[in-house]
Amino acid sequence: MTTTNMAVRFLVVVLAVISTANAVKYKQGEKVVLYVNKVGPYFNPHETYHYYQLPVCRPKKIEHKSLTLGEVLDGDRMAVSLYEINFKQDADKKELCKVTFKENDLQLLRDAIEDLYYFEFVIDEIPVRGFIGHLEEGGFLPHNHKIFLWAHLSFHIEYNGDQIIFANVSTKEQAPVGLDSVSAPFEVSFTYSVKWTKTSTPFEERGKRVRDTSFFPKYLEIHWLSIINSMVLVFLLIGFVVIILTRVLKSDFARYNVDDDEAEALDSDENGWKIIHTDVFRFPPHKNLFCAILGVGSQFLALATGIMVMAVLGMFNVHRHGAINSAGIVLYAFTSCIAGYVATNTYRKLGGENWVWNINLTSCLFAMPFFLIWAVINSVAWGYGTTQALPWTTVVLLMCLWMFVGYPLTVIGGIFGKNWAHGFDAPCRTKNIAREIPSVPWYRSAFAHCVVGGFLPFSAISVEMYYIFATLWGREQYALYGILFIVYGILIGVTACISVALTYFQLSAEDYRWWWRSIFSAGSTGLFVFLYALFYYFKRSNMSGALQTIEFFGYTFLTCYVFFLMLGTVSFFASLHFVRYIYVNLKMD
């Protein structure tokens, strides 16, 4: 058996163990715990509150479930409920409790029902959702405005053998309780029913069963067709750029690499990218910041690739609440060594001396803006009393993860990068006096390059952006990770091709300041993502309220910042390899 086969078999076994880690087996009549989780407005996905903040049936002593880091970051706050559910034992209109509402309780329920509040319970790691009430509006004269509370819940649970496969809740099997014309004190009896149904669906496929039967609507019907259309356009674009650049470079090499006798016959007034060979490798200003951007960008490239690979391998599903959040935080901490290595190694190659400050800048380049924005969002969430506000224990845990794992690994990576750094080894010598840069038309300006360099990579992911936003800020459950991985690869490829083309046009205009422009030209994709976020918020979503708005634009800004760092890094290294290639193959005088 070869090493490759052994590795593949080991990976299959690991994935099988992971997929069955949550398999709980029950005996006849054994208690099945139902956890209440959260409530919130239907159209504000990240404005969630603990279920027991509503005036509902609750135990005298609330017992919370131990949650993972990802679940806490996702706003989950699970607690044991009063519902008594036993495996394979039906229950019919069983009383949960009686609640006597005061006037402020009634008003709280009316406001929640008018804002379309829904609840989320969890049965055997399966989310169960429904609306807490019903709103009827209609007519003109007179105008009808009636508010109803669902006081009876009917749970439908499917099982196969000794395992639960699927769970759902219905609120419409009994008439609701009207809340418009009642006054305090008002007593309501909460009841529930449980119906068990046998199914042939195996436990391994219950994830698909849960995903296909969702409380939230689905909009993924045209996904494949849209992605194929986008891929065709992108491949045509890449092919066009490669063919044009190949033909142009072939012509340039034929014109520049001539013998001495032929060179005397040519016009002595040279122009183009050959004439700036003594300036093209002149190091950029602000090398410390420049290299820190490359380091953090490389870190996020590794992080994004790791998340994509884990998703394609099936490590994220509907049963693992917040698994992607946990994976992202852990990967960010452990990929900090990449940021330190790339930043310091590049900094030393460019002649930088103060490498300690470069490491500190690299470690803070993303962490500091993230902390400031998160502090504002978390403070607002805490003021609203939502479950999106992190507990102080989680905050301490995240700070310790960065201080004792992320930052030390950045330092270690930086030390290795410094020690393993060699000379820059430029193909051309750089003169002491910089050459004057001629003026260029507007369509060759830095602004035009940023527009083109940002729009074309964005066009490669524009179709997928809707589904990503609908998952992060809507009610979708993203499952087509294979497509996302392909689109991710296309984005990297388009960014590299466009950056090479734009760098060639810049050098042909005798402008040797390509270092920073290569970062900003492709990094401007983040600006187009932010513009799309504005369009999505105002035209494609129904989000409202200060809390949801602050969360949306705060985290969207950080996402666009990550796009800038990632694609700017890809653009620079692609341009660097291209510039080295053309000047290595250039015949010097």
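Remarks
- For the stretch 387-438: rounded, prolate or oblate by the Cα gyration tensor [a/c cutoff 1.5]: oblate
- Pairs of Cα atoms nearer than 8 Å and 6+ residues apart set the relative contact order; for the stretch 278-401 it is 32 percent.
- Peptide packing: for 112-119, 236-243, the average count of neighbouring Cβ atoms within 10 Å per residue gives the ranking 112-119, 236-243, highest mean first.
- With both labels modelled 7 Å from their Cα along Cα-to-Cβ, the residue 382 to residue 65 distance reads 2.7 nm.
- Here the dipole of the chain is about 1040 debye; that uses its Cα centre as origin and unit charges on the Cβ of Lys and Arg (positive) and Asp and Glu (negative).
- By the Cβ distance rule of under 4.7 Å, the chain has these cysteines without a partner: 291, 337, 364, 400, 428, 450, 497, 560.
- Full extension of the chain between residue 446 and residue 82 gives 124.6 nm of extra length, using 0.36 nm per residue less the Cα-Cα distance.
- For the peptides 344-354, 378-388, the ranking by mean Cβ contacts within 10 Å, running from highest to lowest, is 344-354, 378-388.
- Backbone N atoms of the stretch 44-75 closer than 19 Å to the 7 Å Cα→Cβ label point of residue 99 belong to residues 48-64.
- Between the alpha-carbon centres of the stretch 477-513 and the stretch 156-181 there is a gap of 49 Å.
- Estimated FRET transfer efficiency (residue 28, residue 212; beta-carbon r; R0 35 Å; 0.05): 0.75
- Length available on full extension from residue 542 to residue 108: 0.36 nm per residue minus the Cα-Cα distance, which gives 154.1 nm.
- Structural descriptor for the stretch 475-589: relative contact order 40 percent, calculated from alpha carbon pairs under 8 angstrom and at least 6 residues apart.
- In sequence order, calculated HN-Hα J values of the stretch 467-472 (Karplus, 6.51, -1.76, 1.60; Hz; x Gly/Pro): 5, 5, 5, 5, 7, 6
- Two-site FRET efficiency, residue 434 against residue 313, from Cβ-Cβ distance with R₀ of 60 Å, rounded to 0.05: 0.75
- Length added when fully stretched, residue 480-residue 580, from 0.36 nm per residue minus Cα-Cα: 32.1 nm
- For residue 133, nonlocal amide neighbours, meaning residues 5 or more places apart or on other chains whose placed amide H falls under 5 Å from its own, are 150.
- Loop-located trypsin sites (Lys or Arg not before Pro) in the stretch 144-196 whose Cβ has at most 16 other Cβ within 10 Å (DSSP): 172
- For the stretch 566-571, 3J(HN,Hα) per residue [Karplus equation, 6.51 cos²θ - 1.76 cosθ + 1.60, θ = phi - 60°, Hz, x = Gly/Pro]: 5, 6, x, 5, 4, 4
- Candidate values (i) 27.8; (ii) 26.4; (iii) 24.8 were compared with Kirkwood radius over Cα pairs in Å computed on the shown model; the agreeing label is (i).
- Close amide H pairs (under 5 Å, H built 1.01 Å from N) link residue 153 with 191, 192, 193, residues at least 5 positions away or on another chain.
- Helix-only [θ]222 nm of the chain, DSSP H runs n ≥ 4, -39500 (n - 2.57) each, per residue, nearest 500: -17000 deg cm²/dmol
- Separation of the residue 53 and residue 201 label points, Cα + 7 Å toward Cβ, nm: 3.2 nm
- For the stretch 411-423, 3J(HN,Hα) per residue [Karplus equation, 6.51 cos²θ - 1.76 cosθ + 1.60, θ = phi - 60°, Hz, x = Gly/Pro]: 5, 4, x, x, 5, 5, x, 5, 6, 9, 7, 10, x
- Packing rank of 520-530, 120-130, where each peptide gets the mean count of other beta carbons within 10 Å, highest leading: 520-530, 120-130
- Relative contact order of the stretch 24-82, pairs being alpha-carbon contacts under 8 Å that are 6 or more residues apart, as %: 40 percent
Values quoted throughout were computed directly from the atomic coordinates according to the rules given, and no laboratory measurement underlies them. These numbers were taken from a predicted model, which means no experiment stands behind them. Don't worry about glycine lacking a Cβ; one is built from the backbone with ideal geometry, like all the others, and counts go over all protein chains shown.
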